[in-house]
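A quick write-up on the structure given underneath.
The values are calculated or read from the model by the stated rules, or taken from the named source; none is laboratory data. Note that the structure is predicted; figures quoted are calculated from it, not measured. Cβ placement follows ideal geometry from the backbone for every residue including glycine, while neighbour counts extend to all protein chains displayed.
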Amino acid sequence: MMRKIFFLYFIIFAFAKGFSQDPLFTNTSQSLVYLNPSFAGSNGGIRNQLSYRNQWPNMSGTYFTYLNSFDAYIKPIKGAIAVSVLHDNAGHGQLKRDVLNLAYAQHFSLFDGKLKIIPSLQASYFRLTLDLTKLNFGDPIDPRRNNCFAAQPITIPSQSKSNFDFSSGLLTNYKNFYFGTSVFHINQPDEGLLGTSKLPYRLSIHSSYNFHLSEKTLINFFVNYQKQQYFENLDLNINALFFKHLISGAGFKSSSSACNFNAGYRNNYLVLSLGYDVSLTKLSGNTAGSWEFMASFNLRNKEQRKTLTDLERW
């Protein structure tokens, strides 16, 4: 019984304290609204971006994250809406998080549209679920004393927790340069399954620049700093689009000392990309890295499809 108690508390506190940080995607150009809700409507049309991340597939507690976001620019009000759904699955379904986000971004244009300032607000509803039936407690016999652990009174944790969440963002776009900041979980909602546990806010400060080498080739430079409670991360990435269709890129993630690589294909309507993170630490041989698969669909007018657009505007 004591072993069950300790194991149960370990599961609850490990996820509440150690894994309370938000899941992060390496390829942010294919998860733009998740990076900053102010990217809603940045392509001037309708867009659907889907993301799947498999982190450390060699580890026993497999960790999957799914994201599906839809955003659309509404020309009469010069604003945009975004709806996204996130599903986080840790430990083969032992702990799951489902999040529904609704965002609105207002586009302000200056200097004949060369400068855009886009503030945004996002409201979210999340549900955290713990499946106790998937836990294996093992044998309660103490092999050293050949007896059972004494029963102790415990507080049974709730198997689910729901709450509302609020976030905001700000994006500045001048020609091919982008600078933005976003703050998620402003109200720090309670997500505790065993007592009160506040979800810490997440700050993101990011910048990117698209250098157009020709009518069919561009280079994208991207920097992103993120902080959530004691967790800090700096992403440095460079991506290239060749012949208007072929995508390749590489980068470095400071938090896990990992290098990342990605490759993909883009046409007027569709993007398919595959990414891989490999740690430079001793963990690399045990985790099998992290994989990302992303797909996005884009509907814009004919004139927009003719030009080579920035990765943030596709």
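Values for this structure:
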quantity	calculated
Qualifying residue in segment 118-130 (condition: in contact with a helix residue (DSSP H, G or I) (Cβ under 9 Å, 6 or more places away or on another chain), within 21 Å of T181 (Cβ to Cβ) and of a type in the set (V, I, T))	yes
Top-ranked residue in segment 80-96 [being small (G, A, S) and modelled with pLDDT of 85 or more; ranked as surrounded by the most Cβ atoms within 10 Å (Cβ to Cβ)]	A80
Among the candidates N239, N301, residue that is out of contact with any strand residue (DSSP E or B) (no Cβ under 9 Å at 6 or more places or on another chain), in contact (Cβ under 8 Å) with a residue 40 or more places away in the chain and closer than 20 Å to Q49 by Cα	N301
The listed residue being of a type in the set (S, T, Y), in contact with a helix residue (DSSP H, G or I) (Cβ under 6 Å, 6 or more places away or on another chain), in contact (Cβ under 8 Å) with a residue 12 or more places away in the chain and within 25 Å of F211 (Cα to Cα), out of S254, S296, S248	S296
Residue satisfying all of: in segment 152-182; surrounded by 15 or more Cβ atoms within 10 Å (Cβ to Cβ) and among the aliphatic types (A, V, I, L, M); nearest to L241 (Cα to Cα) among these	L171
Candidate set from segment 212-235 (those that are modelled with pLDDT of 95 or more and among the hydrophobic types (A, V, I, L, M, F, W, C)); member that is farthest from F261 (Cα to Cα)	L218
Test result for N268, at pLDDT below 95, touching a helix residue (DSSP H, G or I) at 6+ places or on another chain (Cβ under 8 Å) and within 24 Å of N68 (Cβ to Cβ)	yes
Neighbours by Cβ (under 8 Å, 6+ apart or cross-chain): first from segment 182-208, within 21 Å of T26 (Cβ to Cβ) and β-branched (V, I, T); second part of a strand (DSSP E or B) and modelled with pLDDT under 90	none
Y201 vs. criteria aromatic (F, W, Y) and modelled with pLDDT under 95	yes
Positions within segment 43-78 being part of a strand (DSSP E or B), surrounded by 17 or more Cβ atoms within 10 Å (Cβ to Cβ) and in contact with a Gly (Cβ under 9 Å, 6 or more places away or on another chain), in sequence order	R47, R53, Q55, Y63, D71, A72, Y73
Boolean, L311 is surrounded by 19 or more Cβ atoms within 10 Å (Cβ to Cβ), among the aliphatic types (A, V, I, L, M), more than 16 Å from the chain's Cα centre (by Cα) and in a loop (DSSP other than H, G, I, E, B)	yes
Breaking point among (1) surrounded by 14 or more Cβ atoms within 10 Å (Cβ to Cβ); (2) more than 30 Å from S160 (Cβ to Cβ), for K227	(2)
